[in-house]
1. Extension gain Leu171-Thr185, at 0.36 nm per residue separation less the Cα-Cα distance, in nm?
2. Using amide H atoms built 1.01 Å from N in the peptide plane, name the residues 5+ places from Asn99, or on other chains, whose amide H lies under 5 Å from its own.
3. So if R0 is 35 Å, what FRET efficiency would His24 and Phe2 give, r being the distance between their Cβ atoms, rounded to the nearest 0.05?
4. Report the convex hull volume per residue for the stretch 21-124, counting only C-alpha atoms, in Å³.
5. How high is the relative contact order of the chain, in percent, with contacts defined as C-alpha pairs under 8 Å that are six or more residues apart?
6. Suppose a student asked you for the relative contact order of the stretch 189-283, using Cα pairs under 8 Å spaced at least 6 residues apart; what percent would you report?
7. Under the rule a/c < 1.5 gives rounded, and otherwise a/b versus b/c splits prolate from oblate, where does the stretch 164-300 land using the Cα gyration tensor?
8. Pop out the Kirkwood hydrodynamic radius of the chain from its pairwise C-alpha distances, inverse of mean 1/r, in Å to one decimal.
Amino acid sequence: MFSQILSTLLPVFLITGCGALYGHFRKPDMRGLNTLNMELLVPLLIFAVLADSKAALQDYASLAMAGAVVVLGSGLLLWPVTRVLKLDWRTFLPPMMFNNTGNMGLPLMVLAFGEKALPAAVVLFIVEMLLHFTVGLRMLDPATPLWRLYRIPVVLATVAGLALNLTGLHLPHWFLESANMLGTTCVPLMLFALGVRMLDVDFSAWKVGLLGAVACPASGLILAWPLIQLFDLQGLQLACLWVFAALPPAVLNYMLAEQYKRAPHTVASLVLIGNLGSAAVMPVVLGLLFSAGYGAPVAG
């Protein structure tokens, strides 16, 4: 089990560390790579997974609903904390709700449970992204027009992939395979970009960051347990929801806080310390899952 945990987490942290190391010495401008990821590679991965007729997406409806409750429920669960501690809820709650499903969750679930977990991981990623660009943007700025959602490549790829899957239309194998091969390159690139991005944040609000590092996975895991019982999730869907619930805040929270001028330094600390804290949380979560019989077999 220990070797399974290492084989799952070490690639995540090593690739992220490579990004941080390279970023420290080279100071690369990651805007082009991030744009490529979000406008081409991630949409291609989502489209390829959803458009594949072998993926029975109706089987993931319960998982999608459970994921949505984890995201929205985390905000409701932690809202009293912002009142008691007199925190700005528009600053503290979004990072607690919208987790790092893209940069960390997708590669982590695939490494932990194998390629067969990719549809479940993509479904959870889509749920988180759609909620982030609707509810999340409205939390930051109530005047944000929701029509912008339909200009986001990830959303367009989701709609197109769902349409093909649910109508039973088949695309040529060579086309889907090409989209999948190109799309899966986003997984290591996301981790590399995460490492570079983490160099830009600081510890100026370390107390709030430390609180968030505990509250983010705790709120998700507290909600996940009854949801698994309620929706009767089994197998990989159960395992992926546990990992999803324990993920740290998404780096996108920091980028949006900068854009909307919502205490970006505080959000930066929440993101950085939360992602560092995942080094302690994830081994425990994966250890429990592997001991329960979930996980990809370790070679050799």
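1. Additional length available on full extension: 2.9 nm.
2. The answer is Ala250.
3. E between His24 and Phe2, to the nearest 0.05, is 0.70.
4. Per-residue hull volume (Cα only) is 152 Å³.
5. So the answer I get is 34 percent.
6. Relative contact order for the stretch 189-283 comes out at 45 percent.
7. Since a/c reaches 1.5 but b/c is at least a/b, the shape of the stretch 164-300 is classed as oblate.
8. 19.3 Å
All of the numbers you see were taken from the coordinates with simple rules; none came from a lab. From a predicted model like this one, the values you see are computed outputs, not experimental measurements. Glycine also receives a Cβ, built like all others from the backbone with ideal geometry; neighbour counts cover every protein chain displayed.
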